[in-house]
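Written below as structure tokens is the structure these notes are about.
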Amino acid sequence: MNGAQVGFFILAGLLIVSSLWVVFQRNVVHSAMALVAALFLVAILFLTLNAPMVGVLQILVYAGAIMVLFLFVIMFLNPIGLEQRRRLWWGFGALAGLLLAGALVPVLTNGDAPRDPVVATELFGGPEELARSLFTDFVLPFEIASILLLVAIVGAVVLAKREP
Amino acid sequence: MEHNVLTYMIFIPLAGAVVVLLLPSQSYHLIRWVSAAVTVPPLLMASWLYANFDTTTVGFQFVQKAAWIPAYNIQYFVGVDGVSISMVLLTALLSFLCIFASFGIDKAVKGYFALFLLLDAGMMGVFCALDFFLFYIFWEVMLLPMYFLIGIWGGPRREYAAIKFFLYTLFGSVLMLLAILALYFNTNPHTFDMTVMMAQAKNYSTQSLPFWPFNELRWGFQHVVWMAMFIGFAIKIPAFPFHTWLPDAHVEAPTAISVILAGVLLKMGTYGILRINYPMLPVATADMAYWLLGALGAWNIIYGALCAMAQTDLKKLVAYSSVSHMGYVMLGMASFTTQGINGAVLQMFNHGTITAMLFLLVGVIYDRAHHRNIEGFGGLAAVMPVYTGITALAFFASMGLPGLSGFISEVLVLLGVWQKYPGLAILGATGVILTAGYLLWTVQRVYLGPTNEKYKTIPEIDGREIFTLVPLGAIVILVGVYPSVVLDLLRTSLDNLNQIIIPHLPS
Amino acid sequence: MDASLIPLLPGAQVLLTALVVMLLDLFIDEHERGLLAWISLLGLALCGAEAILLWGSSEGTFGDTLLLDNFALFFTQIFIAVAALTVLSSMRYVRETGIHEGEFYSLILFATTGMIVMAAANDLMVFFLGLETMSVAVYVLTGMWRSSARSSEAAMKYFLMGAFATGFLLYGIALIYGATGSTNLNQISAYLLEPQGQWPPYLFVGGLLLLVGFGFKVGAVPFHFWIPDVYEGAPTPVTGFMAVAVKAAAFAAWARILMHELSPLDSDWALPLRVLAIATMTIGNLLAISQPSVKRMLAYSSIAHAGYLLIGIVAGEEWGSTSLLFYLATYAPATFGAFAVITLLTEQDKPKEDYGHFAGLGFKRPFVAMAMSLFMLSLAGFPPLAGFTGKFHIFRSAIIAGHTDLAIIGVLNSLLSVIYYLRVIVMMYMNEGGVKGKSFIESPYLYTAVGLAAAATIYLGVLPMRTLEWSRSAFSSLF
């Protein structure tokens, strides 16, 4: 076991702990903070996979913007005391989790690597490479995504606009 | 030879329906007369057909053929032969007369006449279609206007009657559709062309299906298809036990619609069996004919007559008499003798004219008295002599008095059946007696005896009504005296049909 | 990389119109807003003309992520026609209900853009973005009737369910990408056709998730439960748009992705698809019978029709797929027309959607009632109307493909459906009273939309040949 692997297992262990923290924590704010930690750890995993750009985006978008919104909504609604144990949902969640685990076991133990494992070079996840693929191979999806965002903005405005 | 006269006969009423829809809805007179005018050309063409029909050939005449959906071998293909010509004539005549019988309608007049003309087109199409797909479409096209005509312009329980009629017939047509598809996929190349299907009749398997347990009774592909078709048609005839929609539909339907229903629509059941089951599925026909056509027909005769005897509603009585008379058609068809089958088709034509008269006559009295209770009249002969005279003619024809048309066809049927199944012939003959019984009893209760005080001043039948009845009466007498006017049309084709089946009959 | 812009033309045309409508809305007065509808119609008409001119072309662009072939053009035509009818039938409705016109029309156009992208997408990413563009626009359209609580609730429900389905789709796409190393359908197909030992198991999981996602989008049982509430709550013209165009778009993508490009996996999803088809038809029809509201009944009926369409997917191959396309074309006018008639019944801002509200319509508005009867009969599958020819081809293809049992279940189901379709007709003609004189949206444009739908219903029933030919060449352009 080399150093990189040791690092991975430490990161992965922390990730699992913080994810469980999100689920089992009764205080919503604490849950949210644990989620920030989990997302941050995922970002570090990306960095170790030679994907610095994705890692940075992960921090910026998820840990930064989206979690801020989460916390904002939590503070806005102040849902202390709303959180109650619901047996039905626990059962449902546990079942879904088991199913997913069951589906993952054969995948993980099978050992089939993807046919064309993407070569993770130094450059692979850097901003330059990402930008290149975004503006060459994926320029069309990129442009369509801008339409999607425009539609979403129009929609949000329409639905939130004050009625005359 | 290509000929588009039949196409005109089908599509002129359709075009007329569109024209009627475009007329202003308040101008009742205009709508009525335009509708009447639309039914005249088909009637004239029918007379032309009659004059030019070649009675010596077996094949289809006046055919027109055009590709419609070539990808599936679906064609527009129409033509007539001896089996259908008399029905085409009957349809043209009754449509024309019933327009006049409908002049009394005053609710949503435009819709009524438009639907009536659509119905006319559908009926004409069913009798002329020689492509199975086209046949099915016309069959359904005819179902819908009928449903509306009963459901909107009918009597108090019209909604119930209309839905009952609709569900029965729809059930039958779905079975028919499945049977059509089964034949389509077993015809090589896949086609809906009826003439091709008839030519390939011997290719339709008669091997017993693997799961069929009775060795002595064949039950193969042909038999299954035959049953599906038969049930579809039996509902229309209507054969026992599928007849229960008929009395309800007749009682609720307006007069003219009853006439069309009894005069034309019922014939489609027996016509369908002759057109489709006989030539396309001859082996199954031969196997099934005795029980499902012959015995069931005889039972229909007796059962219908007994039910008619128990009725107090005049219209219901006529309706059950239809069940009884259609039994003769089934019985005659099952005999596979020249007399029997010719008698059967002649009976179809005669029943069309006679029952039309009966329903028109019931309509006349209903319009005046606003009820149809047999016990509620009495002695009408003294007040309405002309009406009573015409009624007597129709009743006598219906019970088969010599010299009138009903006699000829019933005698032919019984003669034919006697050669093959004497037992059934005796049952059928019993039906004649029962018929005479209920009709004479009705005449006595309604027209003879002391005049009912309430109806002392009831007005006599008027000119328009007489106009609708006279042509039918004339035909009844003419066919009664000189049946060859119709029989000559039928003979060649029907004999040919017999020849298809006879080799397959169980000895 | 090739970057021909021609394949983008139809989508770009609609997008441009959407932008023009959106911007122009800011600069014109309240009472001139009717102009926006006309601009939308003009843009759609131009797009339609382009689609006709481009018919027969077969060109990919941007590394074959988007294909302009007859398949895409066939669906583009359906989307445009439905969008145009929606605009026509909304022109008065939006005023009565206080919906913002500018945004309404531009969102319809945005949704149409998304659909056009979906039908032409040859890459899972492009398909996904097209789907989202369409979905987001339709979520918003559903909730645009702000003063109606039902509408807001439907939008919320639709959004949540849609997001759920999106999750499935995206996860499925990710797994397929992981297994095959590409999101491009050509390369995925090439990978699947390669003779090799074993596919990684998560490829099947990916395929299954894709199936579930599509199931949600077309409303197949057991993923149908959002449909009735959403369809009922949405503004009626939008419901018509959803029931036809959104469903058609989902089927378009489904046909392209699952049926053709992933067809080597056929044998693996034949069984789930069969079960899905049977359950969808039967449960849709059974639940439709007991609905008190016509709009809800139509929602369930659209579920049942999704079931018939699934037969086409199961049957697959040339005939099944051709009949799928043709069925969508025949299903479109009748369903849209029925919703347009419900739109017409709206009074001020009160929806009138129960069976009782149709009572006596046959005498008050004979032509509207006649059109509605045509739509109902066509949906029930009566000859010689569009629904009959559509069903005929679907069932026929099932028999040819050896699924006789599916065809028989389908026929029995359509018999069952007659019960509730007929009820509308019975109400209109055989019950008096109910509809009062001045309680309709009397807009000539709405009447035009109804009339066009009725004409199409008859045309496709009597002369199906040309459209059938189009569906066939659309399908064969996939190869």
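The residues packed around residue B:491, meaning those with a beta-carbon under 15 Å from its beta-carbon, carry a net charge of -4 if Lys and Arg are +1 and Asp and Glu are -1. Taking GluC sites (Glu not before Pro) in DSSP loop states with no more than 13 other Cβ atoms inside 10 Å as exposed sites, chain C has its longest site-free stretch at C:1-431. Note that region B:15-141 shows a convex hull volume over its alpha carbon atoms of 107 Å³ per residue.
Suppose only helical runs count, i.e. DSSP H with n ≥ 4. What mean residue ellipticity at 222 nm does that imply for the protein assembly as shown under -39500 (n - 2.57) per run, divided by all residues and rounded to the nearest 500 deg cm²/dmol? Show your work: numbers first, answer last.
On the way: 49 runs with 816 residues, N = 1150.
So the helix-based figure for the protein assembly as shown works out to -23500 deg cm²/dmol.
Placing R0 at 60 angstrom, the Cβ-Cβ distance between residue B:496 and residue C:412 gives a FRET efficiency of 0.95 after rounding to 0.05.
How large is the dipole of region B:289-502 about the Cα centre if only Lys and Arg carry +1 and Asp and Glu carry -1, each at its Cβ, rounded to the nearest 20 debye?
About 220 debye.
Note on C:47, B:98: ascending count of other Cβ atoms within 10 Å places them as B:98, C:47, the fewest first. About the centre of its Cα atoms, region C:6-476 shows a dipole size close to 1260 debye [charges on the beta carbon of Lys, Arg (+1) and Asp, Glu (-1) only; nearest 20 debye]. For chain C, the longest principal axis of the alpha carbon atoms and the long axis of helix C:266-289 meet at an angle near 10°.
Which one of B:282, B:171, C:72 is farthest out on the positive end of the charge dipole of the protein assembly as shown, using unit charges on Cβ (Lys, Arg +1; Asp, Glu -1) and the Cα centre as origin? Ranked along the dipole, the leading option is B:171.
At residue A:77 and residue C:16, where each label point lies 7 Å from the Cα along Cα→Cβ, what is the point-to-point distance in nanometres? Here the answer is 4.5 nm between the modelled labels. Legend: calculated FRET efficiency, residue B:488 to residue C:419, from the Cβ-Cβ distance at R0 = 51 Å, rounded to 0.05, equals 0.60. Taking 0.36 nm per residue of separation and subtracting the current Cα-Cα distance, fully stretching the chain between residue B:76 and residue B:386 would add 106.9 nm. Which of the three applies to region B:289-502, rounded, prolate or oblate, going by the alpha-carbon gyration tensor with a ≥ b ≥ c and a/c under 1.5 meaning rounded? Because a/c hits 1.5 or more and a/b exceeds b/c, region B:289-502 counts as prolate. Packing-based ranking of C:470-477, B:300-307, B:484-491 yields B:300-307, C:470-477, B:484-491, ordered from highest to lowest mean Cβ neighbour count within 10 Å. Here the simple spin-label model places points 7 Å from the Cα toward Cβ, and for residue B:373 and residue B:185 these points are separated by 5.6 nm. Fewest-first ordering of B:218, A:26, B:464 by other beta carbons within 10 Å of each residue's beta carbon gives A:26, B:464, B:218. Pairs exceeding 24 Å between alpha-carbon atoms, taken from C:157/C:391; C:247/C:295; B:236/B:315; C:247/C:350; B:202/C:391: C:157/C:391; C:247/C:350; B:202/C:391. Positive end of the dipole of chain C (Cβ unit charges, origin at the Cα centre): among C:292, C:411, C:277, the Cα lying farthest that way belongs to C:292.
What does the charge count near residue B:348 come to, summing +1 for each Lys or Arg and -1 for each Asp or Glu among other residues with Cβ under 13 Å from its Cβ? Its environment carries a net charge of +2.
In this structure, the amide hydrogen of residue B:131, modeled 1.01 Å from its nitrogen in the peptide plane, lies closer than 5 angstrom to those of B:77, B:194, counting only residues at least 5 positions away or on a different chain. Projected onto the charge dipole of region C:6-476 (+1 at Lys/Arg Cβ, -1 at Asp/Glu Cβ, origin at the Cα centre), which of C:443, C:162, C:56 gives the Cα projection farthest towards the positive end? So the residue furthest toward the plus end is C:443.
Modelled spin-label separation between residue A:11 and residue B:106, with each label point placed 7 Å from Cα along the Cα-to-Cβ direction: 9.2 nm. Just list whichever of B:316/B:454; B:267/B:420; B:164/B:456 have alpha carbons separated by over 32 Å in the model shown. The answer is B:164/B:456. For peptide B:140-148, the mean count of partner chain Cβ atoms within 10 Å of a residue's Cβ comes to 3. Each residue of region C:444-460 is assigned a 3J(HN,Hα), and the resulting list reads x, 6, 5, 4, 4, 4, 4, x, 4, 4, 5, 4, 5, 4, 6, 4, 5 Hz, derived from the Karplus form 6.51 cos²θ - 1.76 cosθ + 1.60 (θ = phi - 60°), x at Gly and Pro. Based on Cα contacts under 8 Å between residues 6+ apart, chain B shows a relative contact order of 16 percent. One decimal place: the segment residue B:429-residue B:11 gains 146.2 nm when fully extended, by the rule 0.36 nm per residue minus the C-alpha distance.
Set the Förster radius R0 to 51 Å, insert the Cβ-Cβ distance between residue A:139 and residue C:462 as r into 1/(1 + (r/R0)^6), and round the FRET efficiency to 0.05.
About 0.65, to the nearest 0.05.
Here the protein assembly as shown is treated with +1 on each Lys and Arg Cβ and -1 on each Asp and Glu Cβ, and its dipole about the Cα centre works out to around 2900 debye.
Read the figures in this text as sums done on the coordinates, not as results from a lab. The shown structure was predicted, so the numbers you read here are calculated from the model rather than taken from an experiment. Note that we place each Cβ from the backbone using ideal geometry, even for glycine, and neighbour counts take in every protein chain shown.
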